[in-house]
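Student: Below is the structure I would like to discuss, written out as C-alpha cells.
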Amino acid sequence: MDCSIFAPSHITGFFQIINHQNPLKKGSRGAGVVMDKGVLTRIKISKNDHKIDIKINGEPDSFNDSITSKTIDLLQEKIVSEYGYEKRIQNGFKIEHDIQVPIGCGFGTSAACALGTALGLCYLFNLPLTYNQAAGVAHQAEVELGTGLGDLIAETAGGIVIRLKEGSPEFGKIDKVVSEPLYVISRSLGDIDTSSIIQDPQHQKTINQTGAGMLSQLVENPTPEKFMSLSYQFAQKTSLMSKEVKELVNILNEETIGASMAMLGNTAFALSKTPDTSLKDALISKIDFSGSRFVDL
C-alpha cells in the first residue's frame with residue numbers, strides 16, 4: 001500500500017516571530033506566496049519489515065534528527081499518548097521526497113517534507129487524526145528543530161497567504177490576497193541556516209521591530225503589489241539581504257510587479273504577470289492556489 005502527497009513550497013516576504021512555550025502555538029505572523037513547485041512525497045508500507053527508509057532526491061537521508069524523522073517520532077508519540085499502543089505505527093515503511101526547489105534557500109522545503117510525511121502516514125496507517133492535527137505534528141517538528149515558523153500553515157492553504165495569527169493550523173489564523181494567477185520568478189545563490197536567525201535574540205528583535213505594522217498595512221491594501229513592496233522594505237531594513245541578492249532584486253524589480261529576498265534564504269524572488277526574465281538559471285513557477293494534497297502518479 002502506498003500514497004503520494006504534493007506539498008507546495010512557500011516563500012515568506014516579511015514576518016514577526018511570536019514565541020510560546022507550546023510549540024503548536026509558537027510561530028510567525030506575516031505574509032508569503034505559495035508556489036506550484038515543491039515537494040512530492042511518496043510513502044510505501046513494508047509489511048514484512050520494521051525498518052524505516054528515508055530518501056531525499058534518491059539519496060539516503062543521513063540526518064539522525066532530520067525533519068522527516070522528527071515528524072515520525074512526534075507522530076508516534078502523539079498517537080501512543082492519546083490513543084494507546086493499538087493505534088501506533090506498527091510496520092516499516094519507505095519515504096521518498098522529490099524536492100523540486102533549492103533546499104535551505106527560503107522555499108519552505110522542510111515544512112513541505114514534514115507535511116507530506118505526517119499526512120501520508122496518517123492515511124496509510126489509518127491514524128485517528130484530522131488534517132489540521134496531522135499538520136500540527138509537522139509544525140511542531142519544524143518549531144522544535146528550528147527549521148521554520150510559518151511556512152507550514154501557508155503550504156496547507158495556497159495563494160498569497162496572510163498569516164494573521166501564529167501557530168499550527170489548529171491554532172493559527174490565515175487569510176489570502178485576492179490575486180490573478182501570477183508567476184513566481186526566483187534565483188537562489190545558496191542557503192542560510194534558518195535556525196541561526198530565528199533563534200538569535202538580536203535577530204529576533206530586529207525582525208520584530210521591522211515587521212511591526214506591516215501586517216496591518218497589507219490587510220488594509222491586500223494586493224500583490226503591496227505585498228512585494230512591504231517585503232522589499234523588510235529585506236532592506238533588517239539588513240538580511242546580501243549585496244549579491246540585492247543586485248538580483250534590482251534587476252527583477254525592473255521586470256516585474258515587485259521583487260525582494262526570500263525569508264530566510266540567499267534567494268531573490270518576484271511576482272510577475274509573465275514568465276519572462278533576463279536572469280540566467282531562474283526558477284520559474286506559478287502561484288499554487290490549492291495547498292497540500294494527495295496526488296495520483
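Please treat every number below as a calculation from the coordinates, not as lab data. Quantities reported herein were computed from a predicted structural model and do not represent experimental measurements. When we count neighbours, we look across all protein chains shown, and the Cβ atoms used for this are built from the backbone with ideal geometry, even at glycine.
Student: With label points built 7 Å along Cα→Cβ from the Cα atoms of D2 and V295, find their separation and express it in nm.
Tutor: Placing both labels 7 Å along Cα→Cβ, they lie 1.5 nm apart.
Student: Given a Förster radius of 25 Å and the C-beta distance between S278 and E180 as r, what FRET efficiency does 1/(1 + (r/R0)^6) yield to the nearest 0.05?
Tutor: That gives a FRET efficiency of 0.60.
Student: How do R187, R88 line up, fewest other C-beta atoms within 10 Å first?
Tutor: Fewest-to-most Cβ neighbours within 10 Å comes out as R88, R187.
Student: Suppose each label sits 7 Å from its Cα in the direction of the beta carbon; what would the Q209-K237 distance come out to in nanometres?
Tutor: Reported label-point gap for Q209 and K237 is 1.1 nm.
Student: Another one. Pull up the cross-link candidates among the aspartates and glutamates for K78, meaning alpha carbon to alpha carbon under 20 Å and not fewer than 8 places away within one chain.
Tutor: D65, E86, E142, E144, E170
Student: Could you compute the FRET efficiency for T223 and K51, with r as their C-beta to C-beta distance and R0 at 41 Å, rounded to 0.05?
Tutor: After rounding, the FRET efficiency stands at 0.20.
Student: Using a 10 Å cut-off on Cβ atoms, rank the peptides 189-200, 146-157, 165-176 from the highest mean neighbour count down.
Tutor: Ranked by mean Cβ neighbours within 10 Å, highest first: 146-157, 165-176, 189-200.
Student: If you don't mind, another one. Between E144 and D98, what is the spin-label point distance in nm, taking each point 7 Å from the Cα along the Cα→C-beta axis?
Tutor: Modelled inter-label distance: 3.0 nm.
Student: Pull up the cross-link candidates among the lysines for K226, meaning alpha carbon to alpha carbon under 18 Å and not fewer than 8 places away within one chain.
Tutor: K176, K237, K273
Student: Is it possible to state the helix-based mean residue ellipticity at 222 nm for the chain, with each DSSP H run of 4+ residues giving -39500 (n - 2.57), the sum divided by total residues, to the nearest 500 deg cm²/dmol? What is it?
Tutor: -11000 deg cm²/dmol
Student: Restricting to bridges with both residues inside the chain, how much of the DSSP beta-bridge set is antiparallel, in percent to the nearest 5?
Tutor: In the chain, approximately 90 percent of DSSP beta bridges are antiparallel ones.
Student: Taking a threshold of 20 Å on the Cα-Cα distance, which of the pairs K44/K70; K26/K173; K25/K70; K70/K173 fall above it?
Tutor: Check vs 20 Å cut-off fails for K70/K173.
Student: Among the listed pairs K37/K94; K37/K246; K55/K205, which have their C-alpha atoms separated by more than 32 angstrom in this model?
Tutor: Among K37/K94; K37/K246; K55/K205, the Cα-Cα distance tops 32 Å for K55/K205.
Student: Now, a different point. What does the highest-first list of 224-237, 125-138 look like by mean Cβ count within 10 Å?
Tutor: 224-237, 125-138
Student: If I take all pairs of Cα atoms in the chain, what percentage of them are more than 24 Å from each other?
Tutor: 47 percent
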